[in-house]
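Below is one structure; the comments refer to it alone.
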Amino acid sequence: MLAELLRERVEATPESRVIARGVWRDALLRRILAVADVLAGLAVTGSFVAIDSDVGTAFWSATFVPVWIVLAKLYGLYDRDQRALRYLTVDELPRLCAWAATGTAALLLYLDLTPASTPSLERGFEVWAVAAAAACALRGAGRWAWRRSTPAERTLLVGSGAVADATRRKLELFPDIHLTIVAERPDLTAADLRQSQAWLDQIDRVLIAAQSLEGDVLEELVFVCRRAHLKLAVVPPVRGMFGTAVQLSHIADLPVIVYGTWDIPRSTLMLKRAMDLTLSVLLLVVLSPLLLALALAVKTSNGPVLFHQTRVGANGRPFRMLKFRTMVCDAEDRLSDLVDVDRLPEPVFKLVRDPRVTRVGRVLRRTSLDELPQLWNVVRGDMSLVGPRPEEEQIVARYLPEHRVRLGVKPGMTGPMQVNGRGELRFDERLAVEREYIENLSIARDVRILAMTAAAVLGGRGAF
């Protein structure tokens, strides 16, 4: 039987080889993150010298650095990467901010007990900002260096059909998932194990993406992977069963899936609008020199600086969207020569090498700088900073009822599509990530997407 064969293979694996295999990779990452936190603590120390020229306070702050590490451990900042297939520095921003606040408060109390001068509360806010910003930047750099310097996890993919295809697609879209598929099996059966007796020694992770999975087989796999120190992840066989707006909770040892079928709280929408208005006005003021420079660059080609187009907003309401012009003046008249909207297989189109785009427009599109005038749309209330991308009326007219879910909130300058593949996403993939965003809308989610947007724009992948 499968269970007996798996147990035999695990018990036959030398314990020293089991413990050594793959464990060093996670241990190295934890050490890199710890070094990043030490450097963040030293950045706080350096700020006392750079800002206050206070060497004495800097010295006592340096002796406090080990406490920053202990606090990071208490906040679980070293233990989460290995628990997820994809874990980014942006995912821990709330914890990093809380860690920086706790560390700052503890540092101020500590300095009050030393001969050093105690910083003011205003200075304490600066310490918090330095600690949070330095830790975020250094941890992001550390994870990048770790992925570049360590081999990816050798993964056995078990499964076939739509679930396995979707899993491979996600691995293709997100290269920061640090694993590589070295073997695939349609199912994990006794016959497969007999043909590959050394499979336990050749992989670091088992990824189950099967159309169906028996409970007893999964239970045995958990046992095997725990004994062999292999990581195990399971993609639910029936995606519709879990959906996107679900949360797993427990009543004692009983797992319960709770579906988010309620409306978005009005307070969340009010906070979202307040954040949109504050940040968009601030960005318009700060970026005004850049906006002027971009306007002059666009003006080098014949035609207006701004491009106006009617798009469909929340609840199907049309509005006039602004962009820097990136195409020739008669671009809309020439569209029918390039694509027949009425014959599109799905209600979306994106031309990879659009001949209507100008030289300046190609640069603006790749860097997404052409979208900056939409900050005025955000101020007006037509758009939000984060949300589904607004679509043209002729495209929305072809939507099926299930597609209109993306019209449930205000469209955004950036959104789930921009940070999950951009133009490389198929329409069904785009609709899926936008539906997941809408069904789990929160201010924290918006902040996360805004933070991820910078990396997506700098990478340039999927920008046409």
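The values are calculated or read from the model by the stated rules, or taken from the named source; none is laboratory data. Bear in mind the structure is a predicted one, so any value in this text is a computation, not a measurement. Quick reminder, even Gly has a Cβ in these numbers, built from the backbone with ideal geometry, and neighbours come from all protein chains shown. Keep in mind that these areas ignore ligands, DNA and RNA; they rest on the heavy atoms of the full protein, side chains included. Shrake-Rupley method; radii C 1.70, N 1.55, O 1.52, S 1.80 Å.
For PHE48, indicate whether it is open to solvent by less than 40 Å² (accessible area, probe 1.4 Å) and touching an Asp or Glu at 6+ places or on another chain (Cβ under 8 Å). The answer is yes for PHE48.
Would a scan of the range 428-441 turn up a residue that is touching a Phe, Trp or Tyr at 6+ places or on another chain (Cβ under 8 Å) and open to solvent by less than 20 Å² (accessible area, probe 1.4 Å)? For the range 428-441, residues touching a Phe, Trp or Tyr at 6+ places or on another chain (Cβ under 8 Å) and open to solvent by less than 20 Å² (accessible area, probe 1.4 Å): absent. Here ARG317 passes the criteria (1) closer than 30 Å to ILE443 by Cβ; (2) open to solvent by 70 Å² or more (accessible area, probe 1.4 Å); (3) modelled with pLDDT under 90 except the one numbered (3).
Could you grab me the full set of residues in the range 330-343 that are out of contact with any Pro (no Cβ under 8 Å at 6 or more places or on another chain) and either surrounded by 11 or more Cβ atoms within 10 Å (Cβ to Cβ) or of a type in the set (Gly, Ala, Ser) (or both)?
So the first thing to find is which residues in the range 330-343 are out of contact with any Pro (no Cβ under 8 Å at 6 or more places or on another chain), and the list is 330-337, 339-343.
Listed by number, the residues that qualify are ALA331, GLU332, ARG334, LEU335, SER336, VAL339, VAL341.
Number of residues in the range 44-60 that are closer than 20 Å to CYS136 by Cα and of a type in the set (Gly, Ala, Ser) equals 2.
Quick one: which of ARG95, ARG139, ARG123 is assigned to a helix (DSSP H, G or I) and modelled with pLDDT of 95 or more? Even if it seems obvious, please write down each step before you answer.
Details: ARG95 fails: modelled with pLDDT of 95 or more; ARG123 fails: modelled with pLDDT of 95 or more.
Going through ARG95, ARG139, ARG123 in turn, just one is assigned to a helix (DSSP H, G or I) and modelled with pLDDT of 95 or more: ARG139.
Each row is one residue, and each column tells you yes or no for (1) under 30 Å from the mean Cα position of the chain (by Cα); (2) of a type outside the set (Lys, Arg).
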position: LEU107; (1), (2): no, yes
position: ALA129; (1), (2): yes, yes
position: ARG147; (1), (2): yes, no
position: ARG154; (1), (2): yes, no
position: GLY161; (1), (2): yes, yes
position: ILE181; (1), (2): yes, yes
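When the test is whether a residue is of a type in the set (Asp, Glu), in contact with a Ser or Thr (Cβ under 7 Å, 6 or more places away or on another chain) and crowded, with 19+ Cβ neighbours inside 10 Å, ASP382 does not pass it.
Counting just the residues of the range 119-162 that are open to solvent by 50 Å² or more (accessible area, probe 1.4 Å), among the small types (Gly, Ala, Ser) and touching a residue at least 24 places away in the same chain (Cβ under 8 Å), which one comes out farthest from SER47 (Cα to Cα)? I'd like the intermediate steps shown before the answer.
Step one: of the range 119-162, the residues open to solvent by 50 Å² or more (accessible area, probe 1.4 Å) are 120-122, 125-126, 128, 133, 137-138, 141, 144, 147-149, 151, 154, 160, 162.
The next check asks that each one be among the small types (Gly, Ala, Ser); those that pass are 120, 133, 137, 141, 149, 160, 162.
Within this subset, residues satisfying the condition of being touching a residue at least 24 places away in the same chain (Cβ under 8 Å) are 141, 160, 162.
On the way: ALA141: 21, SER160: 55, ALA162: 53 Å.
Result: SER160.
For the range 68-81, the criterion of being modelled with pLDDT under 85 and either open to solvent by less than 40 Å² (accessible area, probe 1.4 Å) or in contact with a Lys or Arg (Cβ under 9 Å, 6 or more places away or on another chain) (or both) is satisfied by no residue at all.
Considering every residue within the range 154-161, establish whether at least one is within 30 Å of GLU214 (Cα to Cα), at pLDDT below 90, small (Gly, Ala, Ser) and not in a loop (DSSP other than H, G, I, E, B). For the range 154-161, residues within 30 Å of GLU214 (Cα to Cα), at pLDDT below 90, small (Gly, Ala, Ser) and not in a loop (DSSP other than H, G, I, E, B): present. For the structure I just gave you, tell me whether GLU424 is out of contact with any Ser or Thr (no Cβ under 7 Å at 6 or more places or on another chain), modelled with pLDDT under 90 and closer than 25 Å to ARG168 by Cβ. Here the answer is yes, as GLU424 does meet what is asked.
The condition (being aliphatic (A, V, I, L, M) and surrounded by 13 or more Cβ atoms within 10 Å (Cβ to Cβ)) is satisfied by just one residue among VAL285, VAL352, VAL312: VAL312.
Note on the range 98-118: among residues that are in contact with a Ser or Thr (Cβ under 7 Å, 6 or more places away or on another chain) and part of a loop (DSSP other than H, G, I, E, B), the one that is most open to solvent (accessible area, probe 1.4 Å) is SER117. Scanning the range 227-253 for residues that are over 22 Å from the mean Cα position of the chain (by Cα), open to solvent by 50 Å² or more (accessible area, probe 1.4 Å) and either at pLDDT 75 or above or within 30 Å of GLY408 (Cα to Cα) (or both) returns HIS229, VAL238, GLY240, MET241, HIS250, ILE251.
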